[in-house]
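Heads up, the thing below is written out as structure tokens.
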Amino acid sequence: MFAVQCTIFLDIKYHEAEQGGMSIESIFVSNIMVRDVKTAKESQTVKTVARIMTDNDIGGVVIVKNGDANNPVGIITERDIVRVAGAEQVLTLHMPARDIMTQPIITIDARSSLKDALQQMELNNIRRLPVVDKEKKMIGIITDKDIFRAIMKNQSLAASFCESLMVEYKPVYERLSEFMLGEMPMPGGKPNEDF
């Protein structure tokens, strides 16, 4: 496992942070979530769900009840499909999504912080959280990669991340390190897609 040293970030003085700048505790998930959530109905096939993932270059599709995009009831990720296939269970591409979806779905409130989201992901060993409003209607989705991109783009967020999560949540820190290595251009100008 490779790890990017947070001391690099912490050695630099951040005037923003000293003046109460951004931190992973102060930014709401609604600020960086993806609003265009890809969904499928419970009755749609695994093949349809896999096609949605492929067409949109995503790793998970939220399963909704009766086609109501505001009412998430489960999620299917690439890991779910591999888990079922690897367990030597009967997996047909024509089986309904409800048969392999992970449920109940774990969501996060739009007013929760990025730190709350990372903690929820770590606690439940997941990488994506549908975002819901106060009426529990789905309004977006946030992934660990969305949070990592935001951290990489902002120095005070990087410092905040290192200060608050490095010791407590080593696996999250390791995933950020892997993400950062995967985003580095390799010879030929393409990101390293092995991570």
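The values are calculated or read from the model by the stated rules, or taken from the named source; none is laboratory data. Note that this is a predicted model, so its numbers are computed, not measured. A quick note on method: Cβ atoms are made from the backbone with ideal geometry, for glycine too, and the neighbour counts reach across all protein chains shown.
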Note on the range 84-102: residues touching a residue at least 12 places away in the same chain (Cβ under 8 Å) and assigned to a loop (DSSP other than H, G, I, E, B) are Leu91, Thr92, Leu93, His94, Met95, Ile100, Met101
Of residues in the range 51-87 being over 18 Å from the mean Cα position of the chain (by Cα) and under 14 Å from Ile100 (Cβ atoms), the one surrounded by the fewest Cβ atoms within 10 Å (Cβ to Cβ)
Ala87
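Does Ile142 qualify as being surrounded by 14 or more Cβ atoms within 10 Å (Cβ to Cβ), under 18 Å from Val34 (Cβ atoms) and at pLDDT below 90?
Taking the combined requirement at face value, the residue does not satisfy it.
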Can you say whether Asp116 is closer than 24 Å to Gly182 by Cα and either more than 12 Å from the chain's Cα centre (by Cα) or surrounded by 16 or more Cβ atoms within 10 Å (Cβ to Cβ) (or both), as far as the supplied structure shows?
no
Looking at Ala117, Ala110, can you tell me which residue is within 14 Å of Val131 (Cα to Cα) and touching a Ser or Thr at 6+ places or on another chain (Cβ under 6 Å)?
Ala110
Restricting attention to the range 119-139, the residues that are surrounded by fewer than 17 Cβ atoms within 10 Å (Cβ to Cβ) and of a type in the set (A, V, I, L, M, F, W, C) number exactly 2
Looking at the structure I just gave you, is Lys153 surrounded by fewer than 20 Cβ atoms within 10 Å (Cβ to Cβ), over 22 Å from Ile52 (Cβ atoms) and over 13 Å from the mean Cα position of the chain (by Cα)?
yes
Could you please find all residues in the range 18-69 being touching a helix residue (DSSP H, G or I) at 6+ places or on another chain (Cβ under 9 Å), touching a residue at least 60 places away in the same chain (Cβ under 8 Å), more than 22 Å from Thr92 (Cβ to Cβ) and outside any helix (DSSP H, G or I)?
Gly21, Met22, Ser23, Ile24, Glu25, Ser26, Ile27, Phe28, Ile32, Met33, Val34
Checked Ile105, Ile142, Ile126, Ile81 against criteria (touching a strand residue (DSSP E or B) at 6+ places or on another chain (Cβ under 6 Å), without any contact (Cβ under 8 Å) to a residue 60 or more places away in the chain and either part of a helix (DSSP H, G or I) or among the hydrophobic types (A, V, I, L, M, F, W, C) (or both)); the one match is Ile105
